[in-house]
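Input: a single structure, listed below in structure tokens.
Computed from the coordinates by the stated procedures, all read-outs in this text should not be read as laboratory data. In this text the structure is predicted, and so the values were computed from the model without any measurement. Backbone-built Cβ (ideal geometry, glycine too); neighbour counts: all protein chains shown.
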């Protein structure tokens, strides 16, 4: 050990001379100096290793935090993207529904106008066989109800034009079709209808509205689709033809 310390201190192995204790003290001081320097150097090396380890661990923590933050950011962005997509889908669906409702509403208005015009033409343009039509409507009303006595209600115009002989014709047709014998008479007061007939039981407990308006209202659901196809389909074909004719 002394040899190693002396080499670090630049001295040879100790020897005893006349100076005695003073030489020994100098060597002891040199040894203490070398030991102090070695201790300090070792402490510095340990401190550097500790600092580097702390830096590595700190960097690892930072990297982990950055990774977690990035993962959170991606999840937030993904949730936001999905939310925006859902909201867009809902908005598109609502818009499509609004457009469909507007289109259906427009079609409904158009169809109502068509039915109104058709009704007006039926009422105003009575055909020569109009009485036969009313007779058939009255027969249908009687056959739809029970009993053997009925009242026929006609509109104001029909009271003065087709009243004569109507009850006999209806009774005969009912007997031929069902074998029933019924008594009929026509109400004196005009019914609030434009065309057709309303059939009522004598006791007033049964009523069959076979006026043109009533019958058309009942058939409206069945006719609506066919009329819509005819009217709207024709409109689409016209628009298509007009578009093809444009340069």
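Here are the numbers:
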| item | result |
| --- | --- |
| Three-way shape call for the range 128-222 based on the alpha-carbon gyration tensor, with the a/c threshold at 1.5 | rounded |
| Extension gain from residue 74 to residue 42, taking 0.36 nm per residue of separation minus the Cα-Cα distance | 6.8 nm |
| Full-extension gain in nm, residue 218 to residue 22, via 0.36 nm per residue minus C-alpha separation | 56.9 nm |
| Relative contact order for the range 128-222, counting Cα pairs under 8 Å that sit 6 or more residues apart, in percent | 36 |
| Relative exposure of 39, 193, judged by other C-beta atoms within 10 Å (fewest first) | 39, 193 |
